[in-house]
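J.: The structure under discussion is supplied below as structure tokens; questions concerning it will follow.
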Amino acid sequence: MYKFAHIADCHLGAQKYSELKELEIKAFKKCLDKCMEEKVDFVIIAGDLFHSNLPDMGIVKDAVSKLKEVSEKGIPVYINYGSHDFSPNETSIIDVITESGLLKKVFNACIIDDNGEEKLKLDFITDKKTNAKLTGISGRKMGLDNTYYEMLDKKSLENEDGFKIFIFHAAIKNLLPDFLSKMDGIDVKKLPRNFDYYAGGHIHKRICESQLDNYGIITYPGPPFAGYPRDLEMSAKGEKRGFYIVEFDAKIQNVNFCEYDNFHELDLVKYKFLSFNADHKNSIQLNDEILDEIKKHDLDEKIVILKVKGELTGGKTSDINFYEIKKILKESGAVHVSINHHGLVSKEFTKIRVKGETTEEIEENLLLENISNIDVKQKELNKKEGARLAFNLLKTIRKSPKPNEKKSDYNNRILNESLDLLDLESP
């Protein structure tokens, strides 16, 4: 029996507060310490090891030091770019660390001609000790990875024999939870079939699927700690954070993999989530309620996430003394305090509040909120149809060039797609 670890979305360098920076790198180190303790044969990092392609060098030093320990144990670490790791114009820190031999990049592709059609052909990396075969597609910003999946030569991948792992950094829309349903992603059918394991990154929630025909186990471990404030809120609500360790020989042995204890939870810090609703209360009542409630809880050595939403019946949102509330929480021993009151409004000072879980959802809702304020001759564009048209046009002009596409061809393609959306003829 062999073992490999599947880690994703570490987002080292994402945190700006010292206490969260410490937990961020601690989570990464604990993942690799567990890998060494369990004597895994190799480690997979499915993208977004760092939060930017050129992060703070102090963070890089800490990460490289731990990767060196793993390397000295003879454990190779295979990695694909995430959307945060990749840079189209500059050398990424992933490239620098790869040159040192501490990381091995998996994404290796070339364009081939398949009966007049351009196809993306992926090569496999074979792990020397286990003979496991690894390949996959790195994450890209602005949907360039979608182009790769469209062009992918799946047949050659599906016909390859042996124990196979596909590493990817993209959302699979078929597997997204409801609160991420509007997130950009790919259909699961874009993945090549007949792989034993699909090591996913990009979704910051643990997901495991083993019941799809002709596909092996598809997993997202989620981040070991957090890349965004919402991750902390999800953790405070009970979302487990950690990574997978998978046992295999010719196949993965655990038939009930998604129910079996293959997920290693990191016990880094305790959380407390406190939620308040302003509906049917004025500002004084809400302020007093918050102050009374926070004094009831043991918050020592915990990350406290306090969320306030709703519409006040009277007073202003500024009447709520969030500075004093935060001070009391810190004095109660909280490791870190995050207060989210973006959903709090008052009748006297109502502003447009755009809700959404993803950038795309926020943009779409923002367009819907404001479309009626735009005066255009075509009255039908002042309605929902106009907002959808604007949103689709925005997505089109953001598209990145295809692999090996000339600049002039790219410009013409975007122009023609935009004109098609607008139902206009090309000049």
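Values quoted throughout were computed directly from the atomic coordinates according to the rules given, and no laboratory measurement underlies them. Since this is a predicted model, take the numbers as computed values, not measurements. Ideal geometry is used to build each Cβ from the backbone, glycine not excepted, and the neighbour counts take in all protein chains shown.
J.: Report the Cys residues of the chain lacking a disulfide-compatible partner, meaning no second Cys Cβ under 4.7 Å from their Cβ.
T.: C10, C31, C35, C110
J.: For the cross-link pairs K66/K128; K26/K326; K34/K119, which exceed 31 Å when the distance is taken from alpha carbon to alpha carbon?
T.: Going by Cα-Cα distance, K34/K119 fall outside the 31 Å limit.
J.: I need the helices of the chain that pass two filters: whole DSSP H segments spanning 15 Å or more by Cα along the axis, and mean Kyte-Doolittle score no lower than 0.0.
T.: 57-72, 384-397
J.: Sort all Cα-Cα distances of the chain into consecutive 20 angstrom bins from zero, then give the percent of pairs in each bin up to the one containing the longest distance.
T.: Spelled out per bin, shortest first, that is 22, 50, 26, 2.
J.: Taking the Cβ of each residue in C31, C10 as the centre, tally the other Cβ atoms inside 10 Å and list the residues starting with the fewest.
T.: C31, C10
J.: For the range 1-54, what class follows from the C-alpha gyration tensor (a ≥ b ≥ c being the square roots of its eigenvalues): rounded when a/c is under 1.5, otherwise prolate if a/b is larger than b/c, else oblate?
T.: oblate
J.: Normalising by the residue count of the chain, find the relative contact order in percent from Cα pairs under 8 Å and 6+ residues apart.
T.: Working: 802 pairs, mean separation 54.7, N = 427.
The normalised contact order for the chain reaches 13 percent.
J.: So, one more: Distances over 16 Å make up what percent of all Cα-Cα pairs in the range 270-346?
T.: Working: 1272 of 2926 pairs.
Pairs farther apart than 16 Å: 43 percent.
J.: Another question, then. When L268, L329 are ordered from fewest to most other Cβ atoms inside 10 Å of their Cβ, what list results?
T.: L268, L329
J.: R0 = 45 Å: FRET efficiency of E118 with D279, Cβ-based, nearest 0.05? The partial results should precede the final answer.
T.: On the way: r = 56 Å, r/R0 = 1.25.
Here the calculated transfer efficiency is 0.20.
J.: Right, next: Neighbouring Cβ atoms within 10 Å as the yardstick, rank H6, H169 fewest first.
T.: H6, H169
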